[in-house]
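This report concerns only the one structure given below.
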Amino acid sequence: MKWIKYVFTVIGLSFITLLARADEGMWLPLFLQQLNEKQMKTMGMKITAKDIYNINSGSLKDAIVSFGGFCTGEVISSKGLVLTNHHCGFDAVQNHSTLEHNYIRDGFWAKNYGEEIPNPGLFVTFIVRIDDVSKQVLNGVNATMSESERQSLVDKNIAQLRKDVKRESYQDSFIRAFFDGNQYYLFVTETYKDVRLVGAPPSAIGNFGKDTDNWMWPRHTGDFSMFRIYAGKDNKPADYSPDNVPYVPKKSLSISLDGMNEGDFTMVFGFPGRTTQYLHSAAVEQIMKVNDPAKIGIREKALSVIDGFMRKDEQIKIQYAAKYAGIQNAYKKWQGEVLGLTSTNALAKKLAYEALFQQRVNANPQWKTQYGDLLQNLGSLYAELKPYGYARDYYTEIASKIELLTIAGWINSLKTAYDKDGEKGYQARLKQVKEQLGGLYEEYNGTVDQQLFATLMKMYVNDQEEIYQSPMLREKLKVAGNDFSELASGLYNSVDLDDKTATMAMLEKPSSEVLAYYKNNAAIRLYTDMVATYSNIVSKKLNEIQTGINKLNRTYMQAQMEVMKERKFYPDANSTLRVTYGNVKGYNPRDAVKYDFYTYLDGVMDKYKPGDYEFDVPEKLRQLYTSKDYGQYGKNGKMPVCFIAMNHTTGGNSGSPALDAYGNLVGLNFDRVWEGTMSDINYDPSICRNIMVDIRYVLFIVDKYAGAGHLVQEMKLVHPKKK
């Protein structure tokens, strides 16, 4: 016991020294002057906090956009040119690709405005200003309220605030909770809905290394694509029109051609999606040992099925490219997350931190009354949640990979709409169903989906307790002689939901005929039974426990900020505008291995495998390498490709600008190193690194490879290190 106490004391003390470490955090830009500016300057920043965020004049924030609501982009010219990742723009590239014009394989570059391609549904959103509205949102809230009562009042206050907010007619607003609902901030926004594809390299450059290199370092991926924002002739947001003109921004980023040295200050500005830095240790343990392993196992099977078909059929390869990439991305990320949490002793550090928290609480009578049982109660609730969380992951992961069930869900929603609002409700829903299924069928293959059904349903039945399984599925499996292939074949042959022509034709018929036709459809009946089983057995209990956890987490967050005074707290990511900063630095992932901070085109050629799905290299790029024709973008006879730094990033930061000490664009964030993907839960400076494509490689590809130098001419290129 003395040994355990000693270990926890040492770990606890070392952990406390890291509470305000310089390289951790996703900070709200409106507080940089108050919380971070001094520290940022000591790390090398040459500009001020007002240069980053200012609502009275153009600042860096006015060049940053939420790209489609799922990535980040940045304005890099006075003509509304936007840079983001290749994987962020991939869906647009894929949607415009055909066997005759395969932009995924060959790339795409518009020679002029007239060749730039519209993308219905794609948008970019600017943040105009951010306001602290915590007092107004929490007005009337008290500790005696139930969670539903509290949320109802919060929602009412938010609705009133949004109604009263001062904004222009073309602007919008939203309010988000921070620190588990202890604080709230209002964001006034401007959204532009006419965003056109300008250029993208072939996937052999933009996704070089594909699955093997994903989440890995060293990296050699030119992960970028270019779009342009169009506006009305008044420069205000407008729906797509041929008469729209390129948007003139308040601010566009200058681009540095000087590159980065080890130790240089870097800053990433963007919209990180979700982090959970302040979890209870029991939650971290479940992620490591239950939830991540379950999801990894399911995705591994799904990827194997899809990959087998993609390697044999070019049409399927085009159809499933984006889906495969999406499935694989999280699959590999979760693997790295488990590895990182294990190798950095994240669980032990959480336990040590909680022990210190509890020690301080017990030493203060007031805190002991308020928070004395907090950690214990949270631990008990997480223990209760554990089996339901596993069942949730199995249901959501499997059901979401089988598109026949997705189609069945959309068709079934017509009946739900009709039962609720009659013909009016049916017709309103029908429009949405047609739109969704039209897009789904374009990227669907029934043979692939049938094999996914057989493979994943075997896991659904064999890997979890019977109580969580659909009784109808088990009955159908029994009839099929417990043969999952036979089960899948029987189901897919008995329905025509996997036939686009038949399904879309049926949806043109009167509602009575449609509803009657699908009333006894086997796939829809199975879908509804699976949903009912999940809802009644898993979801209800899960939501009940989670509500209790959410309430205690809000109290725990408040308690940490009160008890752990020496810690500088930043809010978890929630897809709102944040700044993270650090320094360029290599790392040591394991014993006797040391990674440098830069990669070069030499490494692309080292990985080159002619004709390979992942590591082929276009002939022209090989020619440019052989002749060392790098133009102004090379350095000392070499072509920089990617670099890493200690910026705290996550999903949503894809496409975020990497900025130098002067606020110039030096790179484009696109990934994290595999060993550090656990930074969403436990940032550790020893192995957490973000990966960026060097802006000089981007410009080299645009100019020398693609011959699109007219785009470079729009940009402002600078040499800050020559000042």
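Beyond 24 Å, what share of the Cα-Cα pairs of segment 281-555 remains, rounded to the nearest whole percent?
Working: 22635 of 37675 pairs.
Percent of Cα pairs beyond 24 Å in segment 281-555: 60.
Counting other Cβ atoms within 10 Å as a rough exposure proxy, the listed residues MET530, MET692 run MET530, MET692 from fewest neighbours to most. Sequence-distant contacts, meaning Cα pairs under 8 Å at least 6 residues apart, place the relative contact order of segment 281-555 at 25 percent.
Each Lys and Arg adds +1 at its Cβ and each Asp and Glu adds -1 at its Cβ; summed about the Cα centre, segment 281-555 shows a dipole of about 840 debye. Placing +1 on the Cβ of every Lys and Arg and -1 on the Cβ of every Asp and Glu, with no other charges, gives the chain a dipole of roughly 1920 debye about its Cα centre. Once the Cα-Cα distance is subtracted from the 0.36 nm per residue extended length, the ALA502 to ALA516 segment shows a gain of 3.5 nm. Sorted ascending by nearby beta carbons within 10 Å, beginning with the fewest, ARG474, ARG689, ARG196 become ARG474, ARG196, ARG689. Between THR547 and LYS594, residue separation times 0.36 nm minus the direct Cα-Cα distance comes to 12.5 nm.
Listed here are the pairs LYS609/LYS704; LYS317/LYS415; LYS458/LYS609; which of them are more than 30 Å apart at the Cα?
Working: LYS609/LYS704 22 Å; LYS317/LYS415 34 Å; LYS458/LYS609 36 Å.
Result: LYS317/LYS415; LYS458/LYS609 exceed 30 Å.
Loop-located chymotrypsin sites (Phe, Trp or Tyr not before Pro) in segment 140-230 (DSSP state not H, G, I, E or B) with no more than 14 neighbouring Cβ atoms inside 10 Å: TYR170.
Where does each of ASP596, ASP591 land when they are ranked from fewest to most other beta-carbon atoms within 10 angstrom?
Numbers: ASP596 12, ASP591 5.
Listing ASP596, ASP591 from fewest to most nearby Cβ atoms yields ASP591, ASP596.
How much of the pair distance distribution for segment 338-389 lies past 16 Å, counting alpha-carbon pairs only, in percent? If you can, show how the numbers build up before the last one.
Numbers: 749 of 1326 pairs.
For segment 338-389, the fraction of Cα-Cα distances above 16 Å is 56 percent.
Restricted to Cα atoms, the chain shows a radius of gyration and a Dmax of 26.5, 78 angstrom.
No disulfide-compatible partner, judged by a Cβ distance under 4.7 Å, exists for the following cysteines of the chain: CYS642, CYS688.
Under the rule a/c < 1.5 gives rounded, and otherwise a/b versus b/c splits prolate from oblate, where does segment 167-212 land using the Cα gyration tensor? Oblate is the answer for segment 167-212, as a/c is 1.5 or above yet b/c matches or exceeds a/b. With coordinates expressed along the principal axes, the C-alpha atoms belonging to segment 71-174 extend over 64, 31, 19 Å, beginning with the largest.
Each value in this text was obtained by applying a stated rule to the coordinates, not by laboratory testing. Just so it is clear, the structure is predicted and the values come from calculations on it, not from any experiment. Glycine also receives a Cβ, built like all others from the backbone with ideal geometry; neighbour counts cover every protein chain displayed.
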